[in-house]
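Each remark here refers to the structure printed beneath this line.
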Amino acid sequence: MFHIEFIQSSSSDYQVSNTKSGEIALGEFKDFFHSSLSYWTQQQYSNQWKEGLRRICMDGLNTSLITDMYDPNSSNIIQWWILRPKKNLVYIRNELLFLEKVKQPFLEDNIYNYIEERPAINRSGKKISEWEIDISNIYDFYLRLSET
């Protein structure tokens, strides 16, 4: 099972003005996120998710699903989920893109160029946490998303 979407949050949930709550499901695991609407609109996030999923489903390319985007001229961090295909599996990680560490000038239109290779271990020598999802689950979600 795979999906990413904005959800209706209850009054008891974490709420900050000008944000929208969302959920990503990676098999049995679900994670919740909060997307700032100060720079991107809800529709811009949804459009990026659709484009990101198209890249992996149709072209077999590494991709990202951005869940928190600020104006890159005044912020330094983008929160995203990176999806890397390998055969019939997709390896997914929640990552931060630190704009100050980007080697070339940051261009929002080239967001996928900033996806790095998939290291297996971190600097401390520990395995990096990631999820494995069958590509068919992502493709099924992409098809449903494309119909809307």
*asked:* If I filter region 110-118 for residues that are out of contact with any strand residue (DSSP E or B) (no Cβ under 8 Å at 6 or more places or on another chain) and either at pLDDT 90 or above or surrounded by 16 or more Cβ atoms within 10 Å (Cβ to Cβ) (or both), do I get at least one hit?
replied: yes
_Looking at region 32-73 only, could you name the residues that are modelled with pLDDT of 95 or more and acidic (D, E)?_
E51, D59, D68
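Within region 96-103, does at least one residue satisfy the condition of being touching a Lys or Arg at 6+ places or on another chain (Cβ under 8 Å) and among the aliphatic types (A, V, I, L, M)?
Taking region 96-103 and keeping what is touching a Lys or Arg at 6+ places or on another chain (Cβ under 8 Å), we get none.
Within region 96-103, not a single residue is touching a Lys or Arg at 6+ places or on another chain (Cβ under 8 Å) and among the aliphatic types (A, V, I, L, M).
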*Report, by residue number, each residue of region 88-108 that is touching a residue at least 24 places away in the same chain (Cβ under 8 Å), over 10 Å from the mean Cα position of the chain (by Cα) and surrounded by fewer than 19 Cβ atoms within 10 Å (Cβ to Cβ).*
N88, L89, Y91, L99, E100, F106, E108
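Here's the yes/no breakdown for (1) in contact with a Leu (Cβ under 6 Å, 6 or more places away or on another chain); (2) farther than 25 Å from H3 by Cβ:
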site	(1), (2)
W49	yes, no
N62	no, no
K87	no, no
E95	no, no
E100	no, yes
A120	no, yes
T148	no, no
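Please enumerate the residues belonging to region 97-132 that are hydrophobic (A, V, I, L, M, F, W, C) and closer than 14 Å to T63 by Cα.
As a first pass, look at region 97-132 and keep what is hydrophobic (A, V, I, L, M, F, W, C): 97-99, 102, 106-107, 111, 115, 120-121, 128, 131.
Scanning region 97-132 gives L97, I111, I115.
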*Which of (1) closer than 26 Å to I135 by Cα; (2) part of a helix (DSSP H, G or I); (3) not aromatic (F, W, Y) does L96 not meet, given it meets every other one?*
(2)
*Hey, can you tell me all the residues within region 131-148 that are surrounded by fewer than 16 Cβ atoms within 10 Å (Cβ to Cβ) and under 21 Å from F33 (Cβ atoms)?*
E132, R144, T148
*Which condition number in (1) over 19 Å from E130 (Cβ atoms); (2) without any contact (Cβ under 8 Å) to a residue 60 or more places away in the chain is the one that R54 fails?*
(2)
*K126 is checked against (1) surrounded by 11 or more Cβ atoms within 10 Å (Cβ to Cβ); (2) over 20 Å from S35 (Cα atoms) and fails just one. What number does that condition carry?*
(1)
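Quick check: anything in region 45-66 in contact with a Pro (Cβ under 8 Å, 6 or more places away or on another chain), more than 19 Å from L97 (Cα to Cα) and crowded, with 16+ Cβ neighbours inside 10 Å? First the steps, then the outcome.
Going residue by residue through region 45-66, those that are in contact with a Pro (Cβ under 8 Å, 6 or more places away or on another chain) are 56, 60-62.
This time we only want the ones that are more than 19 Å from L97 (Cα to Cα), so: 56, 60.
Retained after the next criterion (residues that are crowded, with 16+ Cβ neighbours inside 10 Å): 56.
Scanning region 45-66 turns up at least one residue that is in contact with a Pro (Cβ under 8 Å, 6 or more places away or on another chain), more than 19 Å from L97 (Cα to Cα) and crowded, with 16+ Cβ neighbours inside 10 Å.
Going through region 59-80 one residue at a time, which ones are assigned to a strand (DSSP E or B) and more than 19 Å from N18 (Cα to Cα)? Full working, then the answer.
As a first pass, look at region 59-80 and keep what is assigned to a strand (DSSP E or B): 63-68, 77-80.
The answer is T63, S64, L65.
The values are calculated or read from the model by the stated rules, or taken from the named source; none is laboratory data. What you are looking at is a predicted structure, and each value in this text was computed from that prediction instead of being measured. For neighbour counting, all protein chains shown are included, and Cβ atoms are generated from backbone atoms with ideal geometry for every residue, glycine included.
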